[in-house]
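Notes to accompany the following structure.
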């Protein structure tokens, strides 16, 4: 079951949901409308699941920044969100989808216990200018079924990130070429 | 409602969910991590035809991995057979994989109650990306359903290895007439 705006607001008051910063006006009927932060990392070149990702860190100026097709951008939400009780699903909003922007690459789930600003995996269909602080998507909260486990267990890779996280998959894989 | 990790483990133990092979270390707070199998299919025709069976070529991901190229569609598969006669499964990528720009499914994350088999992955990278067989690539979550259940009996039941689209099998003759 998905929480309504009233349920999200109530859960926030009771401490079951943290959204920081929180603006009541950003609650929509069954979601919280989150914003794009100004930090962005541009990933070009060839990537390797077994290697550390190289990137170019930039700041989106107030005048905006043009994102280009075929590039991978790692961004971050303005908001840090946390819930030990509910699971979270982060997606784009209709306005952003209609601009041809993906806000994540097929990984929308925030596990219970996540305490994060969300790293965004941004990709665009056509060149498109984006602005810091713009409303970028919707975050929904889901009730869970069963005994709860927390993402705050030792070893969870992204349990409490606050900035942009690059993939740490390489930590799980032995490098194909130790020299590279 | 989405199942918690402990509930996924309990459901595997008592048969409400089938995951084969099952490794407790792959359970997350609300999902189960699935691994990339070694076989990939690519379509060899210039234009994929929704109404026709399309020729494919099979490649095997070797020990050194394989570089996936942007603009190409790779059909992969999970090592694990995953399914449930009770819960609705959803397959997504992992954030570690998303951050490498790799899409693991295309617009169809929701599975059917009653489907059992290896899941076909629809892999398409943003940048050239080297992947490895056996890497944990996606995650399956399970949702509680409401209402009477009619189990999946569709054309992908019992899938082993990557499955190309069989859309063509569902075309009604009157659709193709012209």
Hey, if you drop one equal point scatterer on each alpha-carbon of the stretch B:16-60 and run the Debye formula without solvent, what base-10 log of I(q)/I(0) do you get at q = 0.15, 0.16, 0.18, 0.33 Å⁻¹?
-0.65, -0.67, -0.71, -1.23
Cα-based radius of gyration of the stretch B:103-175 once divided by 2.2 N^0.38 Å, which approximates compact folds:
1.36
Find the relative contact order for chain A and round it to a whole percent, using C-alpha pairs within less than 8 Å whose residues are 6+ positions apart.
29
Where Rh denotes the Kirkwood radius from the mean inverse Cα pair distance, what is Rg over Rh for the protein assembly as shown?
0.96
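Counting partner chain Cβ atoms within 10 Å of every residue's Cβ in A:119-126, what's the average?
On the way: counts 3, 2, 10, 2, 4, 0, 0, 0.
Per-residue shielding by partner chains comes out at 3.
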With springs only between Cα atoms under 10 Å apart, run a GNM on chain B and tell me which of B:94, B:153, B:18 wobbles the most.
B:153
Ranked by Cβ crowding within 10 angstrom, fewest neighbours first, how are B:113, B:171, A:40 ordered?
B:171, B:113, A:40
Shielding of A:136-148 by partners, i.e. mean partner chain Cβ atoms within 10 Å per residue?
4
Taking only the C-alpha atoms, wrap a convex hull around the stretch B:21-121 and report its volume per residue in Å³ as a whole number.
138
Counting alpha carbon pairs within less than 8 Å and at least 6 residues apart, what relative contact order, in whole percent, applies to the stretch A:46-142?
42
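Taking only Cα atoms of chain B, what ratio of Rg to Rh do you get with Rh as the Kirkwood inverse-distance radius? Mind showing how you got there, number by number?
Numbers: Rg = 16.9 Å, Rh = 17.2 Å.
Taking Rh as the inverse mean 1/r over Cα pairs, Rg/Rh reads 0.99.
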What is the spread of the Cα atoms of chain A along each of their three principal axes, largest first, in whole Å?
51, 40, 22
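Within 10 Å of each Cβ in B:98-110, how many Cβ atoms from other chains are there, averaged over the peptide? Present the calculation step by step, with values, prior to reporting the outcome.
Details: counts 12, 19, 13, 13, 9, 7, 3, 1, 1, 1, 0, 2, 0.
Mean shielding by partner chains, rounded to a whole number: 6.
Would you mind estimating how fast the stretch A:1-53 diffuses translationally, via Stokes-Einstein at 25 °C and 0.890 mPa s with the Kirkwood radius over Cα pairs, in µm²/s? Could you put the intermediate results ahead of the total?
Working: Rh = 14.0 Å.
Taking Rh from Cα pairs, D becomes 175 µm²/s.
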Over the Cα atoms of the stretch A:1-107, Rg to Rh with Kirkwood Rh, two decimal places?
1.01
Using helices alone, what [θ] at 222 nm do you get for chain B, with -39,500 (n - 2.57) per DSSP H run of 4 or more residues, divided over all residues and rounded to the nearest 500?
-2500 deg cm²/dmol
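Values quoted throughout were computed directly from the atomic coordinates according to the rules given, and no laboratory measurement underlies them. Since this is a predicted model, take the numbers as computed values, not measurements. In this analysis, Cβ positions are derived from the backbone assuming ideal geometry, glycine residues included, and neighbour counts consider all displayed protein chains.
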